[in-house]
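Engineer: Just passing along the structure, written as structure tokens.
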Amino acid sequence: MAMKPGAARDAELGRLVMAAKPGSFWLDQPDAPAARTPLHGDTSCDLAVIGAGFTGLWAALLAKEANPGRSVLVVEGSRVGWAASGRNGGFCDASLTHGAVNGRERFPAEFDTLQRLGAENLDAIEAAVSRYDIDCEFSRSGSITVATDDYQVAELLEAGGTGGTGGTTFLSQAALRAEVNSPTYLAGSWDRRGTAMIQPARLAWGLAAACERIGVRIVERTPATGLAGDPEGVNVRTRHGVLRAKRVVLGTGAFGPLLRRLRPYIVPVYDYVLVTEPLSAAQLASVGWRNRQGISDSGNQFHYYRLTADNRILWGGYDAIYYNGGLITAAQDHRAATFTLLASQFFETFPQLAGLRFSHAWGGVIDTCARFCAFYGTAHGGRLAYAAGYTGLGVGASRFAGNVMLDLLGGQPTERTELAMVRSKPVPFPPEPARSAVIQLTRASLARADRNQGRRDLWLRTLDRLGLGFDS
């Protein structure tokens, strides 16, 4: 029996995405750095940093800059930047709160302060990239939020206005399509300075090289397996010995929290990404995109997309997946059904690019918490500090987190440590199996809201009242 046209199209898209190379485009570079030597035997240091993603690398760099005489050792279980730091979309955003709407709702009294600190943080990232000559394709091109449904146009107007204040400009349908041409666009809001586009793996590699140039030691393929406090500091157990540290920074994201107290607050959610082959000059002209902004749409289930330096389009998001029980495995990095869905949505957004192929397809796990932005704390008598739960926009916020953790380890109040954002915790998730049931019910309700002019059902409104205001 012949397939229906829709089934035939899905089959063709499936073949298209299955031909893509599995793995992050960012990490798949011929000049990727060689592996560093693992740690063998017992050793000691002033500051141990567990995890060589953005959180750990920024903390190590900032710690060594502040005190060059301090011995700093970064312990990475796999390779520098191999997890979320090398698999994201490359949006380095000023927001510390996963966007302005989330920040205003959760921290209204200090929202202006958080916005200022976030802008200062992004400026400091740009300065560090320049100072250490990090070749990460840093481009402060800004980002556009697009509306693809009528109710989203009203929300953009309410959020940003039409006057372009604060560096944000409302774009009518005609103005938006003059910037980037898609038949799905109804309006947009362009934040001209609040986001930089980067090559995230190269930022991680560059930060690691900068750390080493100023005396930080980095070891790879050295998983930390346990923590134990003592009167002098914290002992970090590794596969081949014990690291004795006076202070510890913990930046392991969604992966197996070494602190039991963190487990109720974090769920691992998988995000999936496609990258196309490079666009021809004619294909790029059909889309426009001369200013090379990052783009995201406005639904609860949203896409994020951008151009790479060689004019590929990275297209990700929408179908965030929680595997029941919080399972994290390498096999989950590749999900054919999600890749096919993303490909279908890509060509709906850019039908003029029909026939374009995808070169890479991958997934990665995000550490999600109930308030959608990082939370902080200490353990082992204030000798260990942690940051977790970014949910999104962690590329930029990770540097801020590095400073917060160092402040907490220093033991003296600062503007950062006095923030309610730093002093408070998100609402914990329920234990399994209730956790899986809540998350899957919530995903279904969010999808329903997107189909119903953004109207949130009783379940979502109940979560809002409980401080579990899921919106993506």
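Engineer: For region 26-47, how many residues meet the condition of being assigned to a loop (DSSP other than H, G, I, E, B), open to solvent by 40 Å² or more (accessible area, probe 1.4 Å) and farther than 30 Å from PHE91 by Cα?
Structural biologist: 3
Engineer: What pairs come out if I take residues in region 71-82 that are at pLDDT 95 or above and pair them with residues that are in a loop (DSSP other than H, G, I, E, B) whose C-beta lies under 6 Å away, six or more apart or interchain?
Structural biologist: VAL72/VAL216; VAL74/ALA52; VAL75/THR222; GLU76/ALA52; GLU76/GLU220; GLY77/PRO223; ARG79/GLU220; VAL80/ALA52
Engineer: Quickly run through region 277-298 and pick out the residues that are part of a strand (DSSP E or B) and surrounded by fewer than 18 Cβ atoms within 10 Å (Cβ to Cβ).
Structural biologist: Scanning region 277-298 gives a single hit, GLY288.
Engineer: May I ask you to say which residue of ASP123, ASP93 is among the charged types (D, E, K, R), buried (at least 17 other Cβ atoms within 10 Å of the Cβ) and either on the phi > 0 side of the Ramachandran plot or within 23 Å of the chain's Cα centre (by Cα) (or both)?
Structural biologist: ASP93
Engineer: Identify the single condition in (1) at pLDDT 80 or above; (2) out of contact with any helix residue (DSSP H, G or I) (no Cβ under 7 Å at 6 or more places or on another chain); (3) of a type in the set (Lys, Arg) that LYS425 does not satisfy, given that it satisfies every other one.
Structural biologist: (2)
Engineer: Are any of the residues in region 132-149 more than 23 Å from MET197 (Cβ to Cβ), open to solvent by 70 Å² or more (accessible area, probe 1.4 Å) and modelled with pLDDT under 95?
Structural biologist: The answer is no, given that none of the residues of region 132-149 is more than 23 Å from MET197 (Cβ to Cβ), open to solvent by 70 Å² or more (accessible area, probe 1.4 Å) and modelled with pLDDT under 95.
Engineer: Counting only residues that are in contact with a Phe, Trp or Tyr (Cβ under 6 Å, 6 or more places away or on another chain) and part of a loop (DSSP other than H, G, I, E, B), which one in region 399-426 is most open to solvent (accessible area, probe 1.4 Å)?
Structural biologist: So the residue we want is LYS425.
Engineer: Can you pull out every residue in region 48-70 that is open to solvent by 40 Å² or more (accessible area, probe 1.4 Å) and in contact (Cβ under 8 Å) with a residue 60 or more places away in the chain?
Structural biologist: Passing the criteria: GLU65, ALA66, PRO68.
Engineer: Could I ask something else about it? State yes or no: is GLY316 open to solvent by 40 Å² or more (accessible area, probe 1.4 Å) and outside any helix (DSSP H, G or I)?
Structural biologist: no
The values are calculated or read from the model by the stated rules, or taken from the named source; none is laboratory data. On a predicted model such as this, the values are computed, not experimentally measured, just so you know. As a convention, Cβ positions derive from the backbone with ideal geometry for all residues, glycine included, and neighbour counts pool all protein chains shown. Remember, those area values only see protein heavy atoms, side chains included, never the ligands or the DNA or RNA. Shrake-Rupley method; radii C 1.70, N 1.55, O 1.52, S 1.80 Å.
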